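The values are calculated or read from the model by the stated rules, or taken from the named source; none is laboratory data. Every value quoted in this text rests on a predicted model; they were computed, and no experiment measured them. Every residue, glycine among them, receives a Cβ derived from its backbone with ideal geometry; neighbour counts consider all protein chains shown. For the accessible areas, the whole protein counts, side chains as well, though only heavy atoms, and no ligand, DNA or RNA atoms are used. Shrake-Rupley method; radii C 1.70, N 1.55, O 1.52, S 1.80 Å.
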Amino acid sequence: LKDSLRWTELLERLEEVVPDGVRIEGLKPDYKGGTLNITGLARNVLLLQRFIDELIESPHFEDVLLMRQANIELEEDSGRSHAAIQFSIVLNGAF
């Protein structure tokens, strides 16, 4: 099953639904369960909601589960900080 996962196809599907202002930081497949755990950051809750809505509307994923979200402060290289939403989403039927 690991060999049958087409990463380029999966990444293209995700690229279609990730809005500006949302950054994916990690992808962790569960081959036995057929799920994909996505971790990332969103500039605000509205962008996170938009990302979830896009995933739900996509014909490529069966179930979208928001597992965790947290408000955090991100520090930029310039020393400035700003608020962001850290999240974890599980996609069932991702592959």
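Here the label points at residue 39 and residue 57, each 7 Å from Cα along the C-beta direction, are separated by 2.9 nm in the simple model. Mean sequence separation of contacting Cα pairs (under 8 Å, at least six apart), scaled by the length of the chain, corresponds to a relative contact order of 30 percent. Within the listed set 74, 47, 14, the Gaussian network model of the chain (springs between alpha-carbon atoms below 10 Å) gives the highest mean-square fluctuation for 74. Relative to the longest principal axis of the Cα atoms of the chain, the long axis of helix 45-57 lies at roughly 10 degrees.
Only helices enter this figure: runs of n ≥ 4 DSSP H residues, each worth -39500 (n - 2.57), summed and divided by the residues of the chain, yield -8000 deg cm²/dmol at 222 nm to the nearest 500. Working note: Cα atoms of the range 1-80, range along each principal axis, descending, whole Å: 44, 25, 22. Of the solvent-accessible surface of the chain, computed with a 1.4 Å probe and all protein chains present, 45% belongs to carbon and sulfur.
If you roll a 1.4 Å probe over the heavy atoms of the protein chains, what accessible area per residue do you get for the chain, in Å²? Per-residue accessible area for the chain comes out at 66 Å². Nearest 10 degrees is fine. How inclined is helix 7-17 to the longest principal axis of the chain, computing both from alpha carbons? Value to nearest ten degrees: 50.
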